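Below is one structure, written out as structure tokens, with a few remarks after it.
The values are calculated or read from the model by the stated rules, or taken from the named source; none is laboratory data. In this text, all values refer to a predicted model and were calculated from it rather than measured experimentally. When we count neighbours, we look across all protein chains shown, and the Cβ atoms used for this are built from the backbone with ideal geometry, even at glycine.
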Amino acid sequence: MYDVERIRSDFPILAREVNGKPLVYLDNGASAQKPRVVIDAMTRMYEDEYANVHRGLHYLSNIATEKYEAVRGIVARFLGAPDAQEIVFTTGTTEGINLVSYAWAAPRMQAGDEIVLSVLEHHANIVPWHFLRERQGVVLKWVEPEPDGALDPEKVIDAIGPRTKLVAVTQMSNVTGTLVDVAAICRGAKARGVPVLVDGSQGAVHRPVNLAEIGCDFYAITGHKLYGPSGSGAIWISKARMAEMRPFLGGGDMIREVGRDAVTYNVPPMKFEAGTPGIVQQIGMGVALEYLMALGMENVAAHEADLRDYATERFKGLNWLNLQGRAPGKGAIFSFTLQGPAHAHDISTVLDKKGVAVRAGTHCAMPLLDHLGETATCRASFGLYNTHAEVDKLVEALELCHELFA
Ligand code: PLP
């Protein structure tokens, strides 16, 4: 049974107050809180087992290397990836997508080649492709969402033309919670010989991922949204695509031999990991993923679907609330504004006074906000430890906003 109160007790920060009120943390889409096991494992590492990895032949370096390398296997298990050596460590999704842009896409794209993107994307899955547009004349082809916020996989597949070299899509919108059928997109793209990059930053947090079922070529995750530390992350890259990639950053660890006139590179994945990595961060991410797997991602998904349904029901009575994105099966992420003069920043300030933490702004998704006709929204994003009582507190605080600003 999914015991949310017991789960909450695993997260020390949830016991605190903010502005004299119990914290209601609804900013999980930006970054999730950390369970005690992650905090303790990282502290223990620094207190007891810390050294650089891959370098020393001494006791501590060997322990640190073993623990760090074991995380590749944990990530592979979490994502249903066939081989731990297909996991490249990154500082997060942003670095993962930039790696693909520089190391895979840039060398194989000419002026006029196309990348198909959806309007739902986060800037992390837009700006690295703009670099290729600016530097190499690559064309970005945008696929619009439906009026309810859904992304029609057929429209993405139809956008693929003879010059398309890549499709880059999110699995879940960080603004509206829209879930994208990335497996259908991959099937269509594969039939046309076009690789697919999936931004799993939100998707992997809220439901089980099975890369074998999705069938993409690149899948990026970010540790801090997965209840792990910031500065941790990974990208899964298929063996075939890895073999096509040039190195990204240069430095220690990613080389085999360095001479005055020549250099040879390490084998993947280390070929793409230059310099001292986020050793303790990645180990912390490994513990967070083990924590999630112990809870069971299908249980997390069911809990969050229940929160989504409860919140949707509670919002129904609020006819002054403009909710964005109502696609069926969406995640428990709600973006909204209030009718009347209140700016999203005003709303979030009032909510904060009530202890309710939400995000306000463009959510690093300006093309989507533009499409929605908004300059800013408030976003309440739920996580595995949120409760019905917290939905009620959000609604209470919104009612207060409505009274204040109507
Ligand atoms: N993609 C999506 C859908 C996101 O929600 C985020 C973070 O908000 C990112 C990418 C970027 O993640 P990070 O900043 O951890 O690299």
**Test: THR178 is in contact with a Lys or Arg (Cβ under 6 Å, 6 or more places away or on another chain), crowded, with 23+ Cβ neighbours inside 10 Å and on the phi < 0 side of the Ramachandran plot** = yes
**Request:** Taking the options MET285, MET270, name whichever one is buried (at least 18 other Cβ atoms within 10 Å of the Cβ) and touching a strand residue (DSSP E or B) at 6+ places or on another chain (Cβ under 8 Å).
**Result:** MET285
**Complete:** Note: among GLY325, GLY329, just one is touching a Ser or Thr at 6+ places or on another chain (Cβ under 7 Å) and farther than 23 Å from SER9 by Cβ, namely GLY325
**Asked** Hey, any hits in the range 315-326 for a residue that's touching a Pro at 6+ places or on another chain (Cβ under 9 Å) and either buried (at least 18 other Cβ atoms within 10 Å of the Cβ) or at pLDDT 95 or above (or both)?
**Response** yes
**Asked** Which residues, counting only those in the range 86-106, are in contact (Cβ under 8 Å) with a residue 40 or more places away in the chain, within 17 Å of GLN136 (Cα to Cα) and of a type in the set (A, V, I, L, M, F, W, C)?
**Response** LEU99, VAL100, ALA103, TRP104, ALA105
**Residues (away from the ligand (no atom under 13 Å from the Cβ) and among the small types (Gly, Ala, Ser)) located in the range 95-104** = SER101, ALA103
**Message:** Out of the residues in the range 219-240 meeting the condition of being among the aliphatic types (A, V, I, L, M) and away from the ligand (no atom under 13 Å from the Cβ), tell me which one is surrounded by the most Cβ atoms within 10 Å (Cβ to Cβ).
**Reply:** ILE237
**Message:** Given the condition more than 13 Å from the ligand (Cβ to nearest atom), touching a residue at least 12 places away in the same chain (Cβ under 8 Å) and within 23 Å of ILE157 (Cα to Cα), answer yes or no: does some residue in the range 197-205 qualify?
**Reply:** no
**Single residue of the range 25-70 satisfying the filter (among the aliphatic types (A, V, I, L, M) and surrounded by fewer than 18 Cβ atoms within 10 Å (Cβ to Cβ)) that is nearest to LEU351 (Cα to Cα)** = ALA30
**Message:** On the basis of being modelled with pLDDT of 95 or more and either in contact with a His (Cβ under 8 Å, 6 or more places away or on another chain) or under 17 Å from HIS54 (Cβ atoms) (or both), does ILE221 make the cut?
**Reply:** no
**Request:** Assess whether ILE214 counts as being surrounded by 20 or more Cβ atoms within 10 Å (Cβ to Cβ) and within 23 Å of SER31 (Cβ to Cβ).
**Result:** no
**Asked** Is at least one residue of the range 30-38 among the small types (Gly, Ala, Ser), closer than 17 Å to TYR291 by Cα and in a helix (DSSP H, G or I)?
**Response** no
**Asked** Which of the following residues is outside any strand (DSSP E or B), within 16 Å of the ligand (Cβ to nearest atom) and either at pLDDT below 95 or out of contact with any His (no Cβ under 6 Å at 6 or more places or on another chain) (or both): CYS186, CYS216?
**Response** CYS216
**Asked** Restricting attention to the range 330-386, which residues are surrounded by 24 or more Cβ atoms within 10 Å (Cβ to Cβ), more than 20 Å from GLU399 (Cβ to Cβ) and of a type in the set (Val, Ile, Thr)?
**Response** ILE333
**Asked** How do the pairs read when you match residues in the range 359-376 that are within 14 Å of ALA344 (Cβ to Cβ) and hydroxyl-bearing (Ser, Thr, Tyr) with residues anywhere that are assigned to a loop (DSSP other than H, G, I, E, B) and away from the ligand (no atom under 13 Å from the Cβ), using Cβ under 7 Å and keeping only pairs 6 or more apart or on different chains?
**Response** THR362/ALA376
**First in the range 23-49 and farther than 16 Å from PRO229 by Cβ and hydroxyl-bearing (Ser, Thr, Tyr), second anywhere and at pLDDT below 95 and more than 16 Å from the ligand (Cβ to nearest atom), Cβ under 7 Å, 6 or more apart** = none
